[in-house]
Amino acid sequence: MAIDSKTNGHSNGAPKAPAELDASKLVISLAKELKPLPTPEELVFGETKTDHMLIVNYDPVNGWGTPEIKPYGPLSLDPMSSCFHYCPNVFEGMKAYVGPDGEARLFRPEENMKRLARSADRVALPPFDTKAVLELLKRFIEVEQRWIPTQPGYSLYIRPTIIGTRSALGVHASDSACLYAIVTPAGPYFRGDAKGISLLAVGESVRAWPGGTGGHKLGLNYAPGFLPQRLASKQGYDQILWLFGEDERLTEVGAMNVFVVAKREDGDIDLITPHLDGTILPGITRASTLQLAQAHTAGKIILPGVPANTKIHTHERVVTMSEVLRLADDQRILECFGVGTAVLVAPVGRIGWRGKDINLPVHKGGLGPIGNGLRTAILEIQTGVRQFEDWSVPVVSVDL
Ligand SMILES: *Cc1c(COP(=O)(O)O)cnc(C)c1O
């Protein structure tokens, strides 16, 4: 990246282009004392802090600095930092899984990296080499490997984060940033609730809107949902089913993508989810769910427990509350579930709407046949028990 000093009009010394993020510069300083590992029973999602963190800073003069893995601890930031005022903050959620063979694997991590880059771009944070971030995350997971629980359904949740650190109050893009990642061991998100989660359908406050930012993983999308969520729990519902528009379209369930499974007259199955119109977060579990259902119908894989000749037709389209009510009244809903990295597949038991509950079919263990087949297949791919495309990526690169 040579820059011609003459054409830049600088006489004493050419300005350097800000440095790219370089994973080979990684510096590792290990904690002197390691923390005791929690027992699987005492894990509460997102509360356990591990021994180390990954961190690298960007400034407009030098670009990306030296990436570091260092003992877990607080950040020290100027109170004027952009992240505290205007929220140019983005994040990802991914997991590392240890399979029966003892290998640690990531699930479609390039997709998380692409989405992180799109999120950063949306709030005008500096760009970065997504391959370098993935390489750094792999090194970080190797360092924290002992924190990956090995029980089935358990994993190490990974939270890459980028925050704007420009220390000035002017309302514009942050030209400085801090990229860091933390990890936390995670158990099955919803424990043994065979009834499924209860949803309150809410349309008077909305999570996202056309032309807004709901299609990106930005920190600022979540805080406005906290108050409606608290009101929903006071009424006895676990999560909000976010609606949008006069026709009360389903958008998402809490911070999960939503699916409705319906029986057809011809015996086939419809798998319906809202299309990506900018108000829906393009979930990697959502995309994988659609792809696996299509692969089952094409005979490329068989979803565990789903007959090979059962055709699943996928639909990305508008789904309204009146359609859900009609399908439920006609006994055509087989199941309804939310999907996302944290939960994988979470069954929905009932939906509160207009003062009444729509009760959905009860299945043994919570999930219906399609949700269970998808969940089992995804778990098998994540833990390396089953190969599908190149979705499962080892943490330790073969070329080391
Ligand atoms: C992260 C997230 C999802 C799920 O995305 P995955 O890539 O499947 O984890 C769905 N909806 C919202 C609002 C999210 O933030």
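Comparison of 367, 327 shows that the only residue that is outside any strand (DSSP E or B) and modelled with pLDDT under 95 is 367. Within the range 309-322, the set of residues being in contact (Cβ under 8 Å) with a residue 12 or more places away in the chain and open to solvent by 30 Å² or more (accessible area, probe 1.4 Å) comprises 311, 313, 314, 315, 316, 317, 318, 322. Does the range 343-352 contain at least one residue that is touching a residue at least 40 places away in the same chain (Cβ under 8 Å), assigned to a loop (DSSP other than H, G, I, E, B) and surrounded by 15 or more Cβ atoms within 10 Å (Cβ to Cβ)? There is at least one residue in the range 343-352 that is touching a residue at least 40 places away in the same chain (Cβ under 8 Å), assigned to a loop (DSSP other than H, G, I, E, B) and surrounded by 15 or more Cβ atoms within 10 Å (Cβ to Cβ). Here the condition is being of a type outside the set (S, T, N, Q), within 16 Å of the ligand (Cβ to nearest atom), more than 19 Å from residue 196 (Cα to Cα) and without any contact (Cβ under 8 Å) to a residue 40 or more places away in the chain; of 276, 290, it holds for 290 alone.
I'd like the full set of residues that are surrounded by fewer than 17 Cβ atoms within 10 Å (Cβ to Cβ) and either among the small types (Gly, Ala, Ser) or over 28 Å from residue 155 (Cβ atoms) (or both), limited to the range 107-121. The one that is surrounded by fewer than 17 Cβ atoms within 10 Å (Cβ to Cβ) and either among the small types (Gly, Ala, Ser) or over 28 Å from residue 155 (Cβ atoms) (or both): 121. Within the range 42-97, the residues that satisfy the criterion of being within 16 Å of the ligand (Cβ to nearest atom), open to solvent by 10 Å² or more (accessible area, probe 1.4 Å), within 27 Å of residue 17 (Cα to Cα) and outside any loop (DSSP other than H, G, I, E, B) are 89, 91.
Among the conditions (1) within 21 Å of residue 220 (Cβ to Cβ); (2) without any contact (Cβ under 8 Å) to a residue 60 or more places away in the chain, residue 58 misses just one, which is (2).
Here the range 22-41 is the region considered, the condition is being among the hydrophobic types (A, V, I, L, M, F, W, C) and not in a loop (DSSP other than H, G, I, E, B), and the residue that is least open to solvent (accessible area, probe 1.4 Å) is 23. Could you tell me which of the residues 149, 188 is in a loop (DSSP other than H, G, I, E, B) and within 16 Å of the ligand (Cβ to nearest atom)? Checking each option against the conditions leaves just 188.
The values are calculated or read from the model by the stated rules, or taken from the named source; none is laboratory data. Just so it is clear, the model here is predicted, and its values are computed rather than measured. All Cβ positions, glycine included, derive from the backbone under ideal geometry; neighbour counts span all protein chains shown. Just so you know, the surface numbers come from the protein's heavy atoms only, side chains and all, with ligands and any DNA or RNA stripped out. Shrake-Rupley method; radii C 1.70, N 1.55, O 1.52, S 1.80 Å.
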